[in-house]
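Only one structure is covered here, and it is reproduced in the block below.
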Amino acid sequence: MAYFIWTFRLIFISLVLGFLHYTLPQHDILRITGTDIIRRDFGGFNQIFYADNQNGDGTLQSRDLRLISAVRTDGSVSVYRNEDTGWGWP
């Protein structure tokens, strides 16, 4: 029974830390190489990964999404999503 409790605690702590790592801002050293603005349709499962609609009526199903392309110091490419969270989390 003790193994089950420790396994459950480890899984729970890993999930909480993974959520915080995914949602909180991070410090990256890189070089910006370009920006893009694309139109993204929201629906189904992908809607939870974007900030809420800022209009207040909730009827908008697509928005402009700003992407920032960058290169890290080791040469790997990263693409960042730039959007206002509306003072929600985080």
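Side notes on the structure shown:
- Scanning the stretch 1-30 for residues that are in a helix (DSSP H, G or I), under 24 Å from Tyr80 (Cβ atoms) and not aliphatic (A, V, I, L, M) yields a count of 5.
- Filtered residue count, the stretch 73-87, keeping only those that are assigned to a loop (DSSP other than H, G, I, E, B), among the small types (Gly, Ala, Ser) and at pLDDT 85 or above: 2
- Residues satisfying the stated conditions in the stretch 42-61, i.e. outside any loop (DSSP other than H, G, I, E, B) and either at pLDDT 75 or above or surrounded by 11 or more Cβ atoms within 10 Å (Cβ to Cβ) (or both): Gln47
- Test: residue in the stretch 65-72 that is under 26 Å from Phe19 (Cα atoms) and at pLDDT below 75: no
- When Pro90, Pro25 are checked against the criterion of being loosely packed, with under 10 Cβ neighbours inside 10 Å, in contact with a helix residue (DSSP H, G or I) (Cβ under 8 Å, 6 or more places away or on another chain) and at pLDDT below 90, a single residue qualifies: Pro90.
The values are calculated or read from the model by the stated rules, or taken from the named source; none is laboratory data. No experiment lies behind these values; they were computed from the predicted model shown. Methodologically, a virtual Cβ is constructed for each residue, glycine included, from the backbone with ideal geometry; neighbour enumeration extends over all protein chains shown.
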